[in-house]
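Enquirer: Let me begin by handing over the structure; questions about it come next.
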Amino acid sequence: MRNFDETNITEAVLDRVKNAPNPRVREISEALVRHLHAFVREVRPTQTEWEWGIDFLTRTGHMCDDKRQEFILLSDTLGVSMLVDAINHPVPEGATETTVLGPFYVTAAPEKAIGDDISGGMEGDPLLVTGTVSSSDGKPIAGATIEVWHSDNEGYYDVQQLGEIGHLAMRARFHADADGGFRFWSIKPAAYPVPHDGPVGQMLNAQGRHPWRPAHVHFMISAPGYEQLVTHVFVAGDQYLDSDVVFGVKDSLIRDYVRRSPGRAPDGRMLDLPYYHLNYDFGLKPAAKR
Ligand code: BEZ
Ligand code: FE
């Protein structure tokens, strides 16, 4: 076949991919061609706009290295990451809702004991975090692995300022006690803008959007026989809860970080300054039987 034009090129490309040996590759290729062609038909880009789009994607790729993943940020800020998350994580009654992982997770977080302070000497309002890990049917999960990480009081993660602080901070790995309980001390995190010095920042600006995420603490919780839970707990009252740049906020993940007066905290620690207390009880979804 030849002489392709606007009326017949989509069919021609679909015909060309129909013999893909892997049926899933065929399905994905066909949908890609149909949707991409429909997009181009709707937008009717000029040749210059098409070149701009290619350059945008090229710059997005060039921005990626082992520390920066601009394509994931593009997926996050276009709501694609949360859509993929929603498709893959239906949540049964009693299980905690999921949200995006984000770029600041580190696999080798320091192992800490329950009750430890994980602030790594960072300045900020003391924060006591307590909670439990249970199965969605309410049974405590002893020994569940709880990984946490969060920003400092100016909205920066440790990995964004390793040059200055020289060590990981505000992140740790714990194991729940025999009742599925855990607790630790850190500092209250602040809201922050996602990295916006690259093509994604340029896109947000052109779309009239801000780059901010509401303050939160990240949790990744795993236990044998359960689906790994990737989520955050957001600070109630944050000004960005309804405009999170990556669309990650769900009502069930918002909690009061309750301000407490100086004195003896529930774990016995004496504080001579006010502190904050967050409690969250997590529910894990049993893994699908294979
Ligand atoms: C985060 O919460 O760490 C995050 C998530 C998505 C994009 C950027 C940051
Ligand atoms: Fe974050």
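Enquirer: For residue 7 paired with residue 54, estimate the spin-label separation in nm (one decimal), with each label point 7 Å from Cα along the Cα-to-Cβ line.
Expert: So the two model labels end up 2.8 nm from each other.
Enquirer: Among 150-161, 47-58, what's the highest-first ranking by average C-beta atoms within 10 angstrom per residue? Before the final figure, lay out the partial values.
Expert: Numbers: 150-161: 19.2, 47-58: 11.2.
So the order, starting with the most tightly packed, is 150-161, 47-58.
Enquirer: Distances over 16 Å make up what percent of all Cα-Cα pairs in the range 77-157?
Expert: Working: 2196 of 3240 pairs.
Everything past 16 Å amounts to 68 percent.
Enquirer: Two decimals, Cα atoms only, Kirkwood Rh: what is Rg/Rh over the range 75-284?
Expert: 0.96
Enquirer: In debye, nearest 20: dipole of the range 1-44 around its Cα centre with unit charges on the Cβ of K, R (+) and D, E (-)?
Expert: With only Lys, Arg, Asp and Glu charged at Cβ, the dipole is about 140 debye.
Enquirer: Next question. Against the empirical 2.2 N^0.38 Å scaling, what ratio does the C-alpha Rg of the range 1-105 come to? Each step should come with its number before you reach the end.
Expert: Values: Rg = 18.3 Å, N = 105, 2.2 N^0.38 = 12.9 Å.
That works out to 1.42 for the range 1-105.
Enquirer: Which angle between 0 and 90 degrees, to the nearest 10, do you get for helix 23-43 versus the longest principal axis of the chain when only C-alpha atoms count?
Expert: Approximately 80 degrees, to the nearest 10.
Enquirer: Here is a further query. Does the range 1-44 come out rounded, prolate or oblate by the C-alpha gyration tensor, with a ≥ b ≥ c the root eigenvalues, rounded set by a/c under 1.5 and, if not, prolate when a/b is larger than b/c and oblate if not? Intermediate results must be reported in sequence, preceding the final value.
Expert: Details: a/c = 4.71, a/b = 1.41, b/c = 3.34.
In terms of gyration-tensor shape, oblate.
Enquirer: What ³J(HN,Hα) values, in whole Hz, does the Karplus curve 6.51 cos²θ - 1.76 cosθ + 1.60 give for the range 74-83 when θ = phi - 60°, with x put for Gly and Pro?
Expert: 5, 4, 4, 7, 9, x, 6, 4, 5, 5
Enquirer: Follow-up. Which order do the peptides 87-97, 233-243 take when ranked by the mean count of other beta-carbon atoms within 10 Å per residue, highest first? Walk me through the intermediate numbers first.
Expert: On the way: 87-97: 13.5, 233-243: 17.2.
Per-residue mean Cβ counts within 10 Å order the peptides as 233-243, 87-97.
Enquirer: What does the extension gain come out to for residue 202 and residue 31, with contour length at 0.36 nm per residue minus their alpha carbon separation?
Expert: On the way: separation 171, 0.36 × 171 = 61.56 nm, distance 2.85 nm.
Answer, rounded to one decimal: 58.7 nm.
Values quoted throughout were computed directly from the atomic coordinates according to the rules given, and no laboratory measurement underlies them. Please read these numbers as outputs of a predicted model, since none were measured by experiment. As a convention, Cβ positions derive from the backbone with ideal geometry for all residues, glycine included, and neighbour counts pool all protein chains shown.
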